[in-house]
Structures are given as structure tokens and as C-alpha cells.
1. Quick one: ALA36 ticks every box in (1) at pLDDT 90 or above; (2) within 12 Å of the chain's Cα centre (by Cα); (3) among the small types (Gly, Ala, Ser) bar one, so which box is it?
2. Please determine whether any residue of the range 128-146 is more than 22 Å from VAL34 (Cα to Cα) and at pLDDT below 85.
3. Mind listing just one residue for me: the one in the range 69-92 that is surrounded by 15 or more Cβ atoms within 10 Å (Cβ to Cβ) and not in a helix (DSSP H, G or I) and, of those, modelled with the lowest pLDDT?
4. Determine which single condition TRP66 fails, assuming it passes every other condition in (1) among the aromatic types (Phe, Trp, Tyr); (2) surrounded by 14 or more Cβ atoms within 10 Å (Cβ to Cβ); (3) over 20 Å from ALA142 (Cα atoms); (4) at pLDDT below 85.
5. For the range 145-173, name all the residues that are in contact (Cβ under 8 Å) with a residue 24 or more places away in the chain and of a type in the set (Val, Ile, Thr).
6. What do you reckon, is GLU98 under 25 Å from VAL144 (Cα atoms), at pLDDT below 80 and among the charged types (D, E, K, R)?
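The values are calculated or read from the model by the stated rules, or taken from the named source; none is laboratory data. The model shown is predicted, which means the values in this text are computed figures rather than measured ones. Neighbour counts run over all protein chains shown; Cβ positions are idealised from the backbone, glycine included.
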Amino acid sequence: MGVTVRSDQDLLAAVADGDRGALRELHDRHVVWVSARLRRRCADRDVVDEAVQDTFVAVWKGAGRWDGRGEPAAWIWGIAIRRLIGVLRTRGRWSRAEAAAEATESEIMVTAEDQVLVGVEHGDLAGALRDLSPELRAVVQATVLDGLTSREAGHLLGIPPGTVKTRMMRARIQLRGALA
């Protein structure tokens, strides 16, 4: 007998219905790439581990809010990057003085990148990003914030690479207008 592989959409629906096995399957399917992409944004393994754990807790609690548009992987990534920013913001409040006393040059550079990520969540750019359609925002997040190529972003979002490029072009035009 062949093994039936459930789609991410089916798994999210099952998670929304309280199926812990579906959450485990979704976690096993996505945890490696979520962790790898978050590590590209933050070198602190503890912060990344906490953000990954928070991501899948949020998936468990919020699976019923997924509206069925777009790819579940993109929805999970959106949660993951917001969780990373939240962990950085929270830890920054308690460890800023301690980190400054012990920081090496490379840690200071990571901290600066982390602060930029937090800045993306607030201020003029955050407002301009929120005003983009979900399709354009997903492309910006995948290519700019996550650093994916058009091909990788297309795979993640379930669209052709050419569509990624077109949407990115439209997003740039809208962002320039909003930030001008």
C-alpha cells in the first residue's frame, strides 16, 4: 500500500481541528528550513530556537486563522520572522547592558542587523509594507527580508520566478511612492 502524504493545506486544517499529529507532521516538514532561514537573520542559537518554538506554538493556536490564500509555508514564515523580532525585542530589554559589556565586533554587527529587523516592524517602512497587498508583501518578505532568490521565493510561495520578479517590481514602485 502507498503512503498518503497530506498537503500543507490539509495539515493546517487538521491542526485547526486540534490534531496534534498534524502539527507534528507540519513541524517536521518545515522546522529545518525555518530554522536555517532564521539563523541567516540572527547568529544567537538560543534566540533562533526560541523563535522557532514560538512559531509552531503560534501555528497550533492560530491555524484556524489561516485564510487559505497563498502557501502555508509563506504563512509560517511570516509568523517565524515576527516571532524572531519579538524575541529579539524582549531579550534586548534585559540583556542590552550585559551584551554591550561582553560584545565582540561580530556580535555588535549581528545586533545592528537585529535592530534593523525590529525597525522593519515599526516606522514608515512598516506602514508602507502593511499597505501592500498580501501577494506583494509576501514577495518582499521572501526576497528582501529573507534574502531568497526569485527561484527560491517562487518555490516557497508556489508561483513562477517570473511572477516573483513582476510582483517585486510592482512592490518597489508602491513602496517608493509611499516613502517619498
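1. (1)
2. Looking through the range 128-146, at least one residue is more than 22 Å from VAL34 (Cα to Cα) and at pLDDT below 85.
3. GLY70
4. So TRP66 meets the others, but not (3).
5. VAL164
6. Taking the combined requirement at face value, the residue does not satisfy it.
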